[in-house]
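K.L.:
Below is one structure. I have some questions about it.
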Amino acid sequence: MKTGRRAAAVFLLGTLGLLVPACAHYPLNARLTEYRADGGYRFDPLLADEKADELFVCLSFSGGGTRAAAFAYGVMKSLRETTIPLRGTTVSFLSEVDCISSVSGGSFTAAYYGLFGDRIFTEFEDRFLRRDIESELFWRVLSPINWARLASPYWSRIDLAAELYDETVFKERTFVELIASPRRPFIIMNATRLANGSRFQFTQEEFDFLGSDLSEYKVARAVAASSAFPVLLSPLSLWSYPPPAGSSPPEDYVQALKSAAADQGRYYRALHRMELMTGDRKYIHLMDGGLADNIGLRTIMAGWESTDGFILRRMNDGGIKRLVVIAVNARTDPPEYLSSSERPPGLGSVAYKVATVSMENYSFDTVDLMRRLEQGRDQLQRTTADCQRHLDRSCPSAPPVDQLRRVPACIVEVSFEAIQPEGRRGEFLGLPTSFALSGRQVDALIQIGGELLAQNRDFQKLLRALRGEPSLGAGAGEKGNCS
Amino acid sequence: MEYLKVEFEERRRVMVNNVPNGFTNSVIEAPGGAHTVTLAPPVDFSPTSQEVWLENTAPMDACRISFHKLPPAAIPPAPGRPS
């Protein structure tokens, strides 16, 4: 009799042990109780004196797993060692960085720097770069307690990954810590909304549209969403709440929705965000930021092209005297085998290609788009200045023509394509996208990041200009806005 | 990108879609389409705001709008103040 009772108790406890975790639910993002234009994780409240805007520097870190994280880290190390004279003193270039927009693997580096500052240079390699994250995740999946949790429809592989990053990399930090350390750079981690393919950034500005407070949200979950590689990891979900009483949609978005034809980018950005403010509860499912933009440049472009953007406002105000964007692009070009097979590719190959091909295509486009934006503005500045010079000569009494504010914008792209010789380049272009690279590969990536930045002609031109050193002249290619 | 010039008797901060963007009497950059434009306080100008449509502009051929400074007697009392 006693044995029967004991068996029943064990069965009951066992069943409960399985059922309770099976009710596991992903952590919810908090509801926003009061809208405050200067509250939460936004660019404007971050402390910086007015002069800090004069040299305005943004970095973008691409996706690409540990390869991208290590490459971005190598570039940061080099920026830290690079000094420039500024406001009567000598400062590290890294200390002048105002924003970092990151995607996927690059988000690990960006978030770590945002949270821990210069500690990244003593901690990050052991805490993330040199670990076999994939194996650690695999062992967690094999743990029986996680089987039960994974059986819940509201708990999935991405939550397991976020838990791992939270415990072992980001040490349970939330956005409160980013807000409490009110210094630049502003870290913008980008994910992609699965419903419509639009960019989603982990900032309070974006969370306002969800009626949600980002402050208490774990940074690790933002990084997990940003790096939720399609198919291998599941989407990360957020709740959208009705907006708090008294809040109204931003006027820029209300105006943008009046016409799609005038500026489609502006229209769809407004449409995708405003559709969340309808008052009904909605659910946002996020995947790897690389699906919308694998190098993180489009977020910086949006800041440059909208009247509520953190860059354009400062350009219109005259605060920014020089804009520098350094795109750290860990794009690879692995050998391609599909074209040599007569047999149509299998499901696995198709799924992998579908998940990655758009990431690579949009990387080319985005860098070109950013350069065209910069070149177009530069041409307009020079045209109006030329016009004024002609007028001064031919008709000195005429009123001055309207001038576009002169803001040289220097776009620097650091990528494996610049590696010489070809054989060495091939080694880097063939690196896999994974969260488990060998120590030798990590060393090589950190080193090449620094080397490529130091050799980059645009960056060298920029340094000469900032240091007041003479340029090498037009014959040496010193014509662009970096000089 | 499109270009807007807001003319006013003095230098004043311009608000485009309720966000500070540049100053009066200088060229302001903004995306194409509809915008609400006004000036920063004090509200001693008329009209209180204007709707503009930016299209096919250039820095030397910016969309121009004007605000006029009101004489002191015509300035509406601030909310909450006895008139």
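The values are calculated or read from the model by the stated rules, or taken from the named source; none is laboratory data. Bear in mind the structure is a predicted one, so any value in this text is a computation, not a measurement. Cβ atoms come from the backbone with ideal geometry, glycine included; neighbour counts cover every protein chain shown. Calculation scope for accessible area: heavy atoms of the full protein, side chains included, ligands and nucleic acids excluded. Shrake-Rupley method; radii C 1.70, N 1.55, O 1.52, S 1.80 Å.
K.L.:
Once you have the alpha carbon radius of gyration of the range A:335-483, what is it after dividing by 2.2 N^0.38 Å, with N set to its residue count?
P.N.:
Rounded to two decimals, the normalised Rg is 1.55.
K.L.:
Go through A:C482, A:C23, A:C387 and list them by solvent-accessible area, largest first, probe radius 1.4 Å.
P.N.:
Values: A:C482 10, A:C23 100, A:C387 55 Å².
Correct descending sequence by accessible area is A:C23, A:C387, A:C482.
K.L.:
Accessible surface of A:D263 in the full protein assembly, 1.4 angstrom probe, to the nearest 10 Å²?
P.N.:
A:D263 exposes around 50 Å² with every protein chain in place.
K.L.:
Follow-up question, since we're still on this one. What is the magnitude of the charge dipole of the protein assembly as shown about its Cα centre, with +1 placed on the Cβ of each Lys and Arg, -1 on the Cβ of each Asp and Glu, and no other charges, expressed in debye to the nearest 20? Mind dumping the intermediate values first?
P.N.:
Values: 63 positive and 67 negative charges, 171 e Å.
It works out to roughly 820 debye.
K.L.:
Let me ask something else about it. Which value in Å is the Kirkwood Rh of the range A:396-483 over different Cα pairs? Present the calculation step by step, with values, prior to reporting the outcome.
P.N.:
On the way: mean 1/r = 0.0617 Å⁻¹.
For the range A:396-483, the Kirkwood estimate is 16.2 Å.
K.L.:
Compute the distribution of all C-alpha to C-alpha distances in the range B:2-71, in bins of 10 Å from 0, and list the percent of pairs in each, rounded to whole numbers.
P.N.:
With 10 Å bins starting at 0, P(r) equals 23, 59, 17, 1.
K.L.:
Projecting each Cα onto the charge dipole of the protein assembly as shown (Lys/Arg +1, Asp/Glu -1 at the beta carbon, about the Cα centre), which of A:W139, A:Y26, B:L39 comes out farthest on the positive side?
P.N.:
Toward the positive end, the furthest listed residue is A:W139.
K.L.:
Okay, moving on. List the equivalent ellipsoid semi-axes of the range A:218-295 in whole Å, largest first, each obtained as the square root of 5λ for an eigenvalue λ of the Cα gyration tensor. Display every interim value, and only then the final one.
P.N.:
Details: eigenvalues 140, 67, 20 Å².
The answer is 26, 18, 10 Å, longest axis first.
K.L.:
I need to check one value: relative contact order of chain A, counting alpha carbon pairs closer than 8 Å and at least 6 residues apart, in percent.
P.N.:
On the way: 824 pairs, mean separation 108.9, N = 483.
Relative CO of chain A lands at 23 percent.
K.L.:
If you don't mind, another one. Quickly work out the A:A385-to-A:Y35 label distance, labels modelled 7 Å from Cα along the C-beta direction, and quote it in nm with one decimal.
P.N.:
Result for the modelled spin labels: 4.2 nm.
K.L.:
Ok, one more. Relative contact order of the range A:204-344: what whole-number percent is it, with Cα pairs under 8 angstrom and at least 6 residues apart? Display every interim value, and only then the final one.
P.N.:
Working: 129 pairs, mean separation 34.9, N = 141.
The value is 25 percent.
K.L.:
Something else about it: Of A:S248, A:S438, A:S62, A:S92, which has the most accessible area with a 1.4 Å probe, and how do the rest follow in descending order? Mind showing how you got there, number by number?
P.N.:
Details: A:S248 85, A:S438 50, A:S62 5, A:S92 30 Å².
Ranked from most to least accessible, the order is A:S248, A:S438, A:S92, A:S62.
K.L.:
The range B:31-64: which residues show an accessible-area loss of 20 Å² or more, assembly versus chain alone, 1.4 Å probe?
P.N.:
Correct list: B:P31, B:G32, B:A34, B:T36, B:E51, B:W53, B:P59, B:M60.
K.L.:
Okay, next question. With contacts defined as alpha carbon pairs under 8 Å and 6 or more residues apart, what's the relative contact order of chain B in percent?
P.N.:
Working: 164 pairs, mean separation 28.2, N = 83.
Relative CO of chain B lands at 34 percent.
K.L.:
Based on the Cβ-Cβ distance of A:A195 and A:A151, what FRET efficiency does E = 1/(1 + (r/R0)^6) give at R0 = 25 Å, to the nearest 0.05? Mind dumping the intermediate values first?
P.N.:
Numbers: r = 25 Å, r/R0 = 1.02.
It comes to 0.50.
K.L.:
Then there's this: Binning at 10 Å from 0, report for the protein assembly as shown what percent of all alpha-carbon pair distances ends up in each bin.
P.N.:
3, 16, 25, 25, 17, 9, 4, 2, 1, 0, 0, 0
K.L.:
Another question, if that's okay. With 17 Å as the cut-off, how large is the P(r) tail for the range A:325-387, expressed as percent of Cα-Cα pairs?
P.N.:
Working: 1197 of 1953 pairs.
Distances greater than 17 Å cover 61 percent of the Cα pairs.
K.L.:
At 1.4 Å probe size, with no ligands or nucleic acids counted, give the accessible surface of A:E275 in Å², nearest ten.
P.N.:
Rounded to the nearest 10, that gives 70 Å².
K.L.:
Assuming R0 = 45 Å, can you tell me the calculated FRET efficiency for the pair A:K258 and A:E427, based on Cβ-Cβ distance, to the nearest 0.05? Mind showing how you got there, number by number?
P.N.:
Numbers: r = 52 Å, r/R0 = 1.16.
It comes to 0.30.
K.L.:
Now a separate question. Can you figure out the FRET efficiency of A:Y283 with A:S181, using R₀ = 30 Å and their beta-carbon distance, to the nearest 0.05?
P.N.:
0.45
K.L.:
Using +1 on the beta carbon of Lys and Arg, -1 on that of Asp and Glu, and nothing else charged, what's the dipole of the range B:2-71 about the Cα centre, debye to 20? Mind dumping the intermediate values first?
P.N.:
Numbers: 6 positive and 9 negative charges, 45 e Å.
Roughly 220 debye, rounded to the nearest 20.
K.L.:
Which residue, B:Q50, A:G348, A:F459, has the largest displacement toward the positive end of the dipole of the protein assembly as shown when charges sit on each Cβ (Lys, Arg +1; Asp, Glu -1)?
P.N.:
A:G348
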